[in-house]
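S.K.: The structure follows.
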Amino acid sequence: MMATFCARAGIKLQALPYNPARRLASHERDCATGREFDKAAQSADIRCGPGAAGIAKKAINNSGFPPKGAIAAEAAYDITVPDNDVSKPGVCTAATAAPVSMSAELANVALATPGVLGSFFLGPEGRVTYRYVSPRSELVFGIEAQAICADAGVFFKRLHPGDLDALNARLFESARAMTPYIVEFRFNHPDKGLIWLEAQAAPLADAATGILWYGYASDITARKRSELALAETAAQLQATIDGAQDAILTTDAMGRIKSVNRAGAAMFGYEADAMIGLTIDSLVDSAGLPVFAGATATAGSSGEDGEDARGIRRDKVSFPVEITLTEAKLDHIRLNVVFIKNLSRQRMMESRVEDLLRNRLDAMGAMTATLAHEVNQPLAATATYLKVARRMLEKVLQSNHQDVLDVLDKAAAQIMRAGRIVTSFRGLVQREEPDKTLISMHALIAEVYDAFRREEIASGVYLGFAYRASRDQVIADGGQLRRVLANIIRNALEAMRNTEIRELLISTSNPDDETIRVDVSDTGRGIGVLEDKCFEPFTTTKEKGMGMGLSMSRSIIEAHYGRIWAKPNANGGTAFSFTLPLNDLGVEQ
């Protein structure tokens, strides 16, 4: 781009040193004095030398004018320009047409800008004075531009009192360091009420005012409300996270901790800031916990199921924890969210419960031993009396009364059986090993059924069998297995006491070549408790029950290397099932 100056041909013009203050946004020209202020990147003041009678014009290259070293020199230098007399018609008009057009364009830019453009400076007393305010002032501020230029106080009196100190401090810092002035503040709009404004201005040295700021201000109320709402949501979320009793951490893809809540810092004995940057492996012993291998590379695979591990405090003391990992992706950035639950209190409570159960079982063992001793004596005496009675009746009864003798034999057998049950119950409570022999499960089921046949007929229960197991030989304690089946059948009969449909089905099957399964299904009212809870000691739905039958049944089955469980039937009632290993698995007799 060329800079243009006016002179008369053959006349030497005196060029003064370059003055940076002349670089103005607008272009002015004084034809009377011959002074020209061009928009070019470089400009110079040109005067006619002695005896000059007019103004000439010369096109020069911006990069070559003024000559090197002319800016710092005080002495003037001469240039010679060709003749182009601006006094001729149209010359002065053409020279001023471009500046007028540029001013109109700048005015249009100011109108199209969403905010308000302006310039201001600090007066001698430190008061702000506006040199220029664009016409959108009335729309944004509710105040006319002329009013603000005439008295800046009409603008500043509407600033929020709580923002004044910060605004003044920023302005004086901008003046001191010549850095941009960037602020956000509240403003009391005449019509809209309290709004938020953002202002940015750049300071420039000015010969007349010292420092002149050029910048803009815009209404950011909508953005600020969104930011405040987001900040409030973030604060509520942080309060929720900090209020959690479990540790909540976020880590990057390499397992480095990015954030931690207060519970996490307290759990591991750190200050929260000191944990940032640590790896998750420094807090958790990953031995035996594959999910942490490779710096939690497979965090997302953990899902909702927690993993037991050992936490490591800052003082190197370990404690039991449960860890759950989830994965979150934010704009292609992977974050792992780690939930850590301290299980120390839970483990302590579990230990106390186990101690209490053990103590109660020990007490029951002592009570059972006493009970067995006291009950076995009258049972033995009764059995003896029955034997004596049978011998006496043999002498007086005829042979056609053999049925009476059979009844006495059965009565004696049942009394002896009762004695064995009491003895076996004492051994169970005392946690003795069962006396295992080879037993047919089908024969054992038939034997138990025979004991309940009279009760079954009296209660109107239909009893069905489905022997689907091709192999039924097990190594077991027959007495204990009879007690398990008897307990399950008795519970089923009691559950169906007040139901219209009373059906009991006992079935067997071989789930595989190594196992036999026994299912006892009824149409009763159901067990009324969670399936996995009904086998716990002292859990019962009976009004006078002790809650020990199913618990002992589970102990018996587990002592035989089997498993027992309960499920509700699809058509009502409950199905109790247990499995036992078949006799060819190498179990010692």
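The values are calculated or read from the model by the stated rules, or taken from the named source; none is laboratory data. Predicted, not measured: the structure shown is a model, and the values here were computed from it. As a convention, Cβ positions derive from the backbone with ideal geometry for all residues, glycine included, and neighbour counts pool all protein chains shown.
S.K.: In region 127-144, how many residues are among the hydrophobic types (A, V, I, L, M, F, W, C) and in contact (Cβ under 8 Å) with a residue 24 or more places away in the chain? Write out each step before concluding.
M.R.: So in region 127-144, the residues among the hydrophobic types (A, V, I, L, M, F, W, C) come out as 128, 133, 139-141, 143.
Add one more test, that the residue is in contact (Cβ under 8 Å) with a residue 24 or more places away in the chain, and what stays is 128, 140-141, 143.
Residues in region 127-144 being among the hydrophobic types (A, V, I, L, M, F, W, C) and in contact (Cβ under 8 Å) with a residue 24 or more places away in the chain: 4 in total.
S.K.: Looking at region 329-359, which of the residues that are modelled with pLDDT under 80 and under 28 Å from the mean Cα position of the chain (by Cα) is nearest to Thr279 (Cα to Cα)?
M.R.: Applying the filter and picking the extreme gives Arg334.
S.K.: Mind checking whether some residue in region 156-172 is in contact with a His (Cβ under 8 Å, 6 or more places away or on another chain) and at positive phi?
M.R.: no
S.K.: For residues that are surrounded by 18 or more Cβ atoms within 10 Å (Cβ to Cβ) and either touching a residue at least 40 places away in the same chain (Cβ under 8 Å) or among the aliphatic types (A, V, I, L, M) (or both), tally how many sit in region 561-570.
M.R.: 2
S.K.: Report whether or not Thr326 is at pLDDT 75 or above and within 17 Å of Ile257 (Cβ to Cβ). Show your work before the answer.
M.R.: Numbers: at pLDDT 75 or above: yes; within 17 Å of Ile257 (Cβ to Cβ): yes.
For Thr326, the condition - at pLDDT 75 or above and within 17 Å of Ile257 (Cβ to Cβ) - is met.
S.K.: How about region 66-156: which helices (runs of 4 or more DSSP H) wholly inside it have at least 1 residues that are modelled with pLDDT of 90 or more?
M.R.: 137-141, 145-150, 153-156
Residue-wise test of (1) under 21 Å from Ser555 (Cα atoms); (2) at pLDDT 75 or above.
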{"position": "Ala363", "(1), (2)": "yes, no"}
{"position": "Met367", "(1), (2)": "yes, no"}
{"position": "Thr370", "(1), (2)": "no, no"}
{"position": "Pro378", "(1), (2)": "no, yes"}
{"position": "Ala381", "(1), (2)": "no, yes"}
{"position": "Arg426", "(1), (2)": "yes, no"}
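S.K.: Given (1) assigned to a strand (DSSP E or B); (2) under 40 Å from the mean Cα position of the chain (by Cα); (3) crowded, with 16+ Cβ neighbours inside 10 Å; (4) modelled with pLDDT under 95, identify the lone condition not met by Val183.
M.R.: (4)
S.K.: Considering only residues that are of a type in the set (D, E, K, R) and farther than 17 Å from Arg314 by Cα, which ones fall in region 247-281? Step through it out loud before you land on a result.
M.R.: Taking region 247-281 and keeping what is of a type in the set (D, E, K, R), we get 252, 256, 258, 262, 271, 273, 281.
Answer for region 247-281, where residues must be of a type in the set (D, E, K, R) and farther than 17 Å from Arg314 by Cα: Asp252, Lys258.
S.K.: Taking region 389-424, which residues are within 23 Å of Ser553 (Cβ to Cβ) and at pLDDT below 65?
M.R.: Result: Ser424, single match.
S.K.: Looking at region 203-210, is at least one residue modelled with pLDDT of 90 or more and either of a type outside the set (Asp, Glu) or in contact with a Gly (Cβ under 8 Å, 6 or more places away or on another chain) (or both)?
M.R.: Within region 203-210 (the criterion being modelled with pLDDT of 90 or more and either of a type outside the set (Asp, Glu) or in contact with a Gly (Cβ under 8 Å, 6 or more places away or on another chain) (or both)), the answer is yes, since at least one residue qualifies.
S.K.: Still on this structure: Which of the residues spanning region 305-317 are touching a helix residue (DSSP H, G or I) at 6+ places or on another chain (Cβ under 7 Å) and without any contact (Cβ under 8 Å) to a residue 40 or more places away in the chain?
M.R.: Scanning region 305-317 gives a single hit, Glu307.
S.K.: Among the residues of region 460-478, how many are surrounded by 18 or more Cβ atoms within 10 Å (Cβ to Cβ) and outside any strand (DSSP E or B)?
M.R.: Residues that pass the stated criteria total 5.
S.K.: Taking the residues in region 204-241 that are assigned to a strand (DSSP E or B) and aliphatic (A, V, I, L, M) as candidates, determine which candidate is farthest from Leu117 (Cα to Cα).
M.R.: It comes out as Ala205.
S.K.: When you go through Glu494, Glu500, Glu558 one by one, which is the residue that is modelled with pLDDT of 80 or more, assigned to a loop (DSSP other than H, G, I, E, B) and surrounded by fewer than 20 Cβ atoms within 10 Å (Cβ to Cβ)?
M.R.: Glu500
S.K.: Right, next: Give just the number: which of (1) surrounded by 11 or more Cβ atoms within 10 Å (Cβ to Cβ); (2) at pLDDT 85 or above; (3) hydrophobic (A, V, I, L, M, F, W, C) does Ala293 not satisfy?
M.R.: Unmet for Ala293, out of (1) surrounded by 11 or more Cβ atoms within 10 Å (Cβ to Cβ); (2) at pLDDT 85 or above; (3) hydrophobic (A, V, I, L, M, F, W, C): (2).
S.K.: Of all residues in region 233-262 being more than 20 Å from Lys329 (Cβ to Cβ), aliphatic (A, V, I, L, M) and at pLDDT 90 or above, which is surrounded by the most Cβ atoms within 10 Å (Cβ to Cβ)?
M.R.: Val260
S.K.: Sticking with this one: Just to be sure I understand, how many residues within region 263-288 are surrounded by fewer than 17 Cβ atoms within 10 Å (Cβ to Cβ), outside any helix (DSSP H, G or I) and aliphatic (A, V, I, L, M)?
M.R.: Going through region 263-288 one residue at a time, the tally reaches 2.
S.K.: Could you tell me whether any residue of region 162-179 is exposed (fewer than 14 other Cβ atoms within 10 Å of the Cβ), aliphatic (A, V, I, L, M) and within 16 Å of Gly215 (Cα to Cα)?
M.R.: yes
S.K.: Which residue pairs have Cβ atoms closer than 6 Å, lie 6 or more positions apart in sequence or on different chains, and pair a first residue in region 318-334 that is in the same structural domain as Thr251 (by TED's automatic domain parsing) and aromatic (Phe, Trp, Tyr) with a second residue that is surrounded by 12 or more Cβ atoms within 10 Å (Cβ to Cβ) and part of a strand (DSSP E or B)?
M.R.: These pairs meet every condition: Phe319/Gly311.
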